[in-house]
Amino acid sequence: MASRRVDAGGRVVTPAAGDGSADAGSPAGGLDAAFVRRWVAALEAMVTDAEGRLTELDAAIGDADHGTNMTRGLRAATATLDAGSTAGPADACRETGLALTRAIGGASGPLYGTVFVAMGDALPPGAEVSADELAAALREGLRAVQRLGAAVAGDKTMIDAIAPAVAELEQRLVEGSSLPEALALAAVAAERGAEATVPMRARKGRASYLGARSEGHQDPGATSSAMLFEAMSRAVRP
């Protein structure tokens, strides 16, 4: 695969086209709208299987509806992508985000919708994007949801899963890992981030009203966010 380095401005630099090195974007060489459809479909399947667990986690510190809301939203997003004719991954991400915002109730809809819409806005137009462009778009998705929810790592929210996963993905790509390898490790980082919310005291959202009683429970938003990275990892496996 193409070697990478980071320039003085902190940007990831890849060799110029035609130098004989392979693109690490995916097994096929690039990430297209079909990749986004596979990602969202995999996430829908995972969330549907875990609906009861997500609802149980939310019952302890929230409204007991995270599982059902996420399942409904992802079904709507999958249906939107299956019915559409998106030309590239940027449009597919935007459509996913808008569908999630419309279909998911409570706070989760705007938050998850913001991640995908921000990714769509950050990705370049065209039929395919690279691994580095995907990582940069995920970073923009993280920034956008942090602006919306005013949360940081340690607040016991979805940020506790997304932030370490994005950092892991960026670092592994800089070090020269393939995208499947990098996403697999990012998914592990997201899962560990979700598990790390158990002893935390919530500082944002409805759970924050519980004070010390929010401790000892895994955050449902961080849990579903970890699934987001595992689903992405599955979507790029050869």
Compute the Cα gyration tensor for segment 109-194, then decide on rounded, prolate or oblate, letting a ≥ b ≥ c be the square roots of its eigenvalues: rounded whenever a/c is under 1.5, prolate when a/b is larger than b/c in the other cases, and oblate in all that remain. oblate
To test your reading of the geometry: what angle, between 0 and 90 degrees and rounded to tens, separates the Cα axis of helix 108-122 from the longest principal axis of the chain? 10 degrees
What size of dipole, in debye to the nearest 20, comes out for segment 95-211 about its Cα centre when the only charges are +1 on Lys and Arg C-beta atoms and -1 on Asp and Glu C-beta atoms? 800 debye
For mean projected area of the Cα convex hull in nm², pick the label among (i) 12.8; (ii) 13.8; (iii) 12.1 that corresponds to the value derived from the coordinates. (iii)
In order over segment 56-61: 3J(HN,Hα) from phi, Karplus 6.51/-1.76/1.60, θ = phi - 60°, whole Hz, x for each Gly or Pro, gives 5, 4, 6, 5, 6, 9
Taking θ as phi - 60°, what are the ³J(HN,Hα) couplings along segment 165-177 by the Karplus curve (6.51, -1.76, 1.60), each to the nearest whole Hz, with x for Gly and Pro? 5, 5, 4, 5, 4, 4, 5, 5, 5, 4, 6, x, 5
Once amide H atoms are placed 1.01 Å from N in the peptide plane, what residues at a sequence separation of 5 or more from Ala64, or on another chain, have their amide H within under 5 Å of its amide H? Ala59
Quick one: accessible surface of Thr48, probe radius 1.4 Å, all protein chains present, in square angstrom to the nearest 10. 50 Å²
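Taking 30 Å as R0, compute the FRET efficiency from the Cβ-Cβ separation of Ala34 and Tyr209 and round it to 0.05. Write down the numbers at each step before the final one.
Working: r = 43 Å, r/R0 = 1.42.
Computed FRET efficiency for Ala34 and Tyr209 comes out at 0.10.
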Angle between the chain longest axis and helix 179-195 axis [Cα atoms, degrees, rounded to 10]: 20 degrees
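The values are calculated or read from the model by the stated rules, or taken from the named source; none is laboratory data. Fair warning: this is a prediction, and the values are worked out from it, not measured in the lab. We place every Cβ from the backbone using ideal geometry, glycine too, and count neighbours over all the protein chains shown. Only protein heavy atoms, including side chains, enter the accessible area calculation; ligands, DNA and RNA are left aside. Shrake-Rupley method; radii C 1.70, N 1.55, O 1.52, S 1.80 Å.
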